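This report concerns only the one structure given below.
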Amino acid sequence: MSPQAPVSIETGLAAEAAAEVAAEPVEAREDRATGLRGSIRRRPVTWFFTLAYVLSWVAWTPYVLSQNGLGVWDFAFPGGRVTTQLLGVLPGAYLGPIASALLVTGLTEGRAGLRAWRGRMTKFRVNWRWYAVVLLSVPTALIVASAALGDRGPAMPPAVVLAAFLPGLLMQMVTTGLAEEPGWREFAMPRLQERYGPLAATLIVGPLWGVWHLPLFLTEWGGYPDVTGTHVLKFVVTAIAFSFVMTWVFNRSGGSMPLVMLLHCGVNNYFSVASLDMFPWLSSETTSNAFLLSSMTAALILLVATRGRLGCPPASAADALPGRTV
């Protein structure tokens, strides 16, 4: 028998590398080999935010350039103020967060992930007290803050406002809530929270949620041409503060997206339907300050009361994180 040939260091390293590749899951090897799809699987949250911004901002371009915005194009969206905003804003809203979340979920988790997504989106079975708290606390907090800043209590709204409040809330759920929250809170929050914790995750989602709206400040939606940098900055700060409240409700409700959407839409609905009739003497700036004040107050209370956990289960119970998919 001839003596065994010596094995070089290079050959040994090559053999080890080959063994490691062979031991990798098939899906991991496919990720490296499929370029764009592999990149999305490795960085789903980064891709989600990138797509949400690009798709929304491209879709909002006609609205921004129209006579409802910068006036570059000799075209105006038809209808009254509400209709033009729906026609101008809604396409970009739907093409951004929700479409991006569905696309990335489908590419990274397949049908199982989409089924899990649907389950969380239809998680209506939450203790009725949660619905009562959200429905009542949002307008109450905004009314108290508005009265404090205006140094005067609210006026009794006319019957037509009271009658329109619930229908308006339902419309907001279908438009604003369904367009945005499946992305920000359903897709991004649980993934970031699992990796960085609730506090850091909120500090990531909050600013990105606020800044996503920036092009709309060049339209009538954002008060153009009277909008200032201070208005935009306050809007982003408010989005960050309110995100702490959103995170707490998301965690404490076990990831119930209908409840999270109701919280978000409760604010929009109050300002769209009731605010002007209850506080007709307040300026739009004071009204936005009321939202900022109430959001910062609620965020501070929740941060202190939960010691920064915002209702998130401890790390040892990571499997209980709402919205997590296997």
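The values are calculated or read from the model by the stated rules, or taken from the named source; none is laboratory data. Just so it is clear, the structure is predicted and the values come from calculations on it, not from any experiment. Here Cβ is always computed from backbone atoms with ideal geometry, including for glycine, and neighbour counts include all displayed protein chains. Accessible surface is based on the protein model in full, side chains and every heavy atom, while ligands, DNA and RNA are left aside. Shrake-Rupley method; radii C 1.70, N 1.55, O 1.52, S 1.80 Å.
At a glance:
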quantity	calculated
Helix-derived mean residue ellipticity, 222 nm - over the chain, DSSP H n ≥ 4, -39500 (n - 2.57), to 500	-21500 deg cm²/dmol
Solvent-accessible ranking of I204, I98, largest area first, probe 1.4 Å	I204, I98
Point-to-point label distance, L103-L86, nm (Cα→Cβ direction, 7 Å offset)	2.6
For the chain, alpha-carbon Rg and Dmax in angstrom	24.0, 103
Contour minus Cα-Cα distance for Y131 and L114 (0.36 nm per residue)	3.5 nm
Accessible area per residue, Å², segment 193-261 with all protein chains present, probe 1.4 Å	36
Three-way shape call for segment 42-139 based on the alpha-carbon gyration tensor, with the a/c threshold at 1.5	oblate
Positive-pole candidate from F271, A101, M257, dipole of the chain, charges at beta carbon	M257
Dipole magnitude of segment 205-326, debye to nearest 20 (Cβ charges: Lys/Arg +1, Asp/Glu -1, about Cα centre)	540
Sulfur and carbon atoms: percent of accessible area, the chain [1.4 Å]	67
Dipole moment magnitude, nearest 20 debye, the chain about Cα centre, only Lys, Arg, Asp, Glu C-beta charged	800
Volume of the Cα convex hull of segment 183-241, divided per residue and given in Å³	70
The chain, relative contact order in percent, only Cα pairs under 8 angstrom and at least six apart counted	22
Sorted peptide list for 77-83, 160-166, 298-304, 177-183, criterion being average Cβ within 10 angstrom, highest first	177-183, 298-304, 160-166, 77-83
Accessible-area ranking of D226, D277, largest first, probe 1.4 Å	D226, D277
